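Computed from the coordinates by the stated procedures, all read-outs in this text should not be read as laboratory data. Nothing here was measured: the structure is a model prediction, and the numbers come from that model. Heads up, the Cβs are rebuilt from the backbone with ideal geometry, glycines too, and the neighbour counts pull from every protein chain shown.
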Amino acid sequence: MQNICILGATGSIGQSTIDVVVRHPELYQVYALTAHTNIDKLIEQARLCQPKYLVLSDIGQYKQAKQALLYSGIKSVLLSGAQALADVASADDVDVVMAAIVGGAGLLPTIAAVKAGKKVLLANKESLVMSGELFMDAAREHNAQLLPIDSEHNAIFQCLPHDYQYGDLASSGISSILLTGSGGPFRETAFGELTHVTPAQACAHPNWVMGQKISVDSATMMNKGLEFIEARWLFGLQSSDIKVVLHPQSIIHSMVQYRDGSVLAQMGNPDMRTPIAHGLAYPKRIDSGVQPLDFQTVSNFSFSLPEPKRYPNLYLAIEAANAGQSATTALNAANEVAVAAFLSGNIGFTQIAQINEQCLTQMGACQLDNIDAIVAWDHECRSATQQIISSYAREAN
Ligand code: NAD
Ligand code: MG
């Protein structure tokens, strides 16, 4: 029986994780569930999973949550605040941590799980983008088992040989890693119309149902950019090892190309319960609830390359990956602030990439040797981005 802590339980990945976990009560028991503000959902999930702990990271709502929990009759202990997230993620009784908080808020609890040597199911790509080498070093030092949940990285992991040596593509006969992406909802939209895209249009992904931030990132292809950086760290790759390929049907989730001409692809319906079940049960296989792929309905596969003019964020991320840690941390921070500003109607869709680029140029490079330095740099970059956004608003008036 494995004890699981689900960070970000009320989100899209968190809900899919619970869906898989409750199918296997003989294998998994929920130790803790965390949410930021969604008390109702957290209580509904607690009723289903009966965890020992619930964490509401937003301290301001603690009293209200405590009251709601009391009325519900649920016995879980309620904790609150950022430290409580790290505490449940590193608790002795926990075997597996699902890292599914969105954005930089996931960094400290995910690192806490890594440093406690847990089996970490990594959905929160931003934490790896923010802290790459420190994160991977901590995993090695503390014997944490990292399993990729991002569907592309999970696919690559499944297509790599079992004896793959970190960073050594040549010994495994691998010539490249093909990172696939759908191209999002605006793959064919006329360039002139992109400036008028609304948050609702950007969040309507053609194949996946996801949280708002990753949906906007998919529309700008910043998501593929973050995944490019994520792949470099997870598998020890150089930028030249990775090729981004558009595959609008989202059936192939990524591929590994070998020297002898073979290409191995992992396929399946676009449903995150597949990589979640894979990570949970690895190296075994369990039912996930995902519909089997029906080849009568998915006969039409197509592929193309992403256009730089349409997806400037993807290319900014690749440049940042080549520039180093301070650039990828800055880009992640800028992007989170810019996406939030877009979602609240303060900037236009195409301004997200412009603001990201401006932040990267303005902030330059610096040395980041520890997690405190990463957190401080992240804060600085967020403030700088807020100022850039304010200057845009002043220009518009
Ligand atoms: P979501 O917005 O649906 O859920 C986010 C979760 O994080 C919620 O439980 C929320 O309460 C919590 N949260 C938000 N802000 C927080 C804060 N400041 N402090 C603590 N907790 C906070 O997001 P999602 O789509 O489930 O994505 C979660 C992560 O998984 C992201 O990093 C995303 O990139 C990654 N991911 C998601 C998908 C997907 O299909 N949704 C696929 C691949 C990777
Ligand atoms: Mg992905």
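Here the range 303-330 is scanned for amide nitrogen atoms under 20 Å from the site 7 Å beyond the Cα of L194 along Cα-to-Cβ, giving 303-321. In this Cβ point-charge picture (+1 for Lys and Arg, -1 for Asp and Glu), the chain has a dipole of about 680 debye about its Cα centre. A 18 angstrom limit on the alpha carbon distance is what I want to check against. Which of K41/K224; K41/K115; K41/K63; K125/K224 exceed it? With Cα atoms farther than 18 Å apart: K41/K224; K41/K115. In this structure, the amide hydrogen of S175, modeled 1.01 Å from its nitrogen in the peptide plane, lies closer than 5 angstrom to those of Q257, Y258, R259, counting only residues at least 5 positions away or on a different chain. When its C-alpha radius of gyration is set against 2.2 N^0.38 Å (N residues), the range 100-191 gives a value of 1.27. Think of the chain as a dipole: +1 on every Lys or Arg Cβ, -1 on every Asp or Glu Cβ, centred on the Cα centre; then among T180, V337, V102, V102 lies furthest on the positive end. Dividing the summed -39500 (n - 2.57) terms of all DSSP H runs of n ≥ 4 by the residue count of the chain sets its mean residue ellipticity at 222 nm at -14500 deg cm²/dmol. Here the Karplus relation 6.51 cos²θ - 1.76 cosθ + 1.60, evaluated at θ = phi - 60°, turns the backbone of the range 104-119 into coupling constants of x, 4, x, 4, 5, x, 5, 4, 4, 5, 4, 5, 8, x, 7, 7 Hz, with x for every Gly and Pro.
Would you kindly give the portion of the calculated P(r) for the range 112-161 that falls above 17 Å, as a percent of all Cα pairs? Don't skip to the end; give the middle numbers.
Details: 416 of 1225 pairs.
Distances greater than 17 Å cover 34 percent of the Cα pairs.
Using 0.36 nm per residue, how much length does the chain from T297 to K309 gain when fully extended, once their Cα-Cα distance is taken away?
Values: separation 12, 0.36 × 12 = 4.32 nm, distance 3.25 nm.
Gain in length upon complete extension: 1.1 nm.
Karplus-derived 3J(HN,Hα) values for the range 15-29, using 6.51 cos²θ - 1.76 cosθ + 1.60 with θ = phi - 60°, are 5, 5, 5, 4, 4, 6, 4, 6, 6, 10, x, 7, 10, 10, 10 Hz; glycine and proline are entered as x. For Q266, nonlocal amide neighbours, meaning residues 5 or more places apart or on other chains whose placed amide H falls under 5 Å from its own, are H253, S254.
For the range 156-281, the gyration tensor built on C-alpha atoms gives a prolate shape. Its axis ratio a/c (a ≥ b ≥ c) is at least 1.5, and a/b is the larger of a/b and b/c.
One equal scatterer on each Cα of the chain, no solvent, Debye formula: the resulting log10 I(q)/I(0) at q = 0.06, 0.13 Å⁻¹ is -0.22, -1.14. Across V97, V263, V21, mean-square fluctuation computed from a Gaussian network of the chain (C-alpha pairs under 10 Å connected) peaks at V263.
Sparsely packed loop sites in the range 129-229 (the GluC sites (Glu not before Pro) outside DSSP H, G, I, E and B with at most 16 other Cβ atoms within 10 Å) comprise E188.
Using only the Cα atoms of the range 212-351, construct the convex hull and provide its projected area averaged over every direction, in square nanometres to one decimal.
10.8
Computed over the range 324-396, the P(r) tail beyond 16 angstrom holds 42 percent of alpha carbon pairs. For V197, the residues whose amide H sits under 5 Å from its own are F349, ignoring neighbours fewer than 5 places away on the same chain, with H placed 1.01 Å from N. When the alpha carbon coordinates of the range 236-314 are projected onto the principal axes, the ranges are 40, 33, 31 Å, largest first.
So if the hydrodynamic radius of the range 2-148 is defined as the Kirkwood radius over C-alpha pairs, what does Stokes-Einstein give as its diffusion coefficient at 10 °C and 1.306 mPa s, in µm² per second? Result for D is 106 µm²/s.
Shown here for the range 237-276: trypsin sites (Lys or Arg not before Pro) in loop regions (DSSP other than H, G, I, E, B) with at most 13 other Cβ atoms within 10 Å, namely R259.
Strictly greater than 17 Å: what percent of every Cα pair in the range 275-363 meets that?
On the way: 2559 of 3916 pairs.
Above the 17 Å cut-off, the range 275-363 has 65 percent of its Cα pairs.
Note on R47 and L27: the model spin-label points, each 7 Å out from Cα along the C-beta direction, lie 2.7 nm apart.
Summing +1 for each Lys or Arg and -1 for each Asp or Glu among the other residues whose beta-carbon sits under 9 angstrom from that of L107 gives -2. Taking the average, over residues, of other Cβ atoms within 10 Å as the packing measure, peptides 67-75, 297-305 rank 67-75, 297-305 from highest down.
With both labels modelled 7 Å from their Cα along Cα-to-Cβ, the T37 to L70 distance reads 2.4 nm. Ranking of D260, D378, D19 by neighbouring Cβ atoms within 10 Å, starting from the fewest: D260, D19, D378. Between the beta carbons of Y282 and V245, assuming R0 = 25 Å, the FRET efficiency works out to 0.45 to the nearest 0.05. By the compact-protein rule of thumb, 2.2 N^0.38 Å, the alpha-carbon radius of gyration of the range 211-278 corresponds to a ratio of 1.21.
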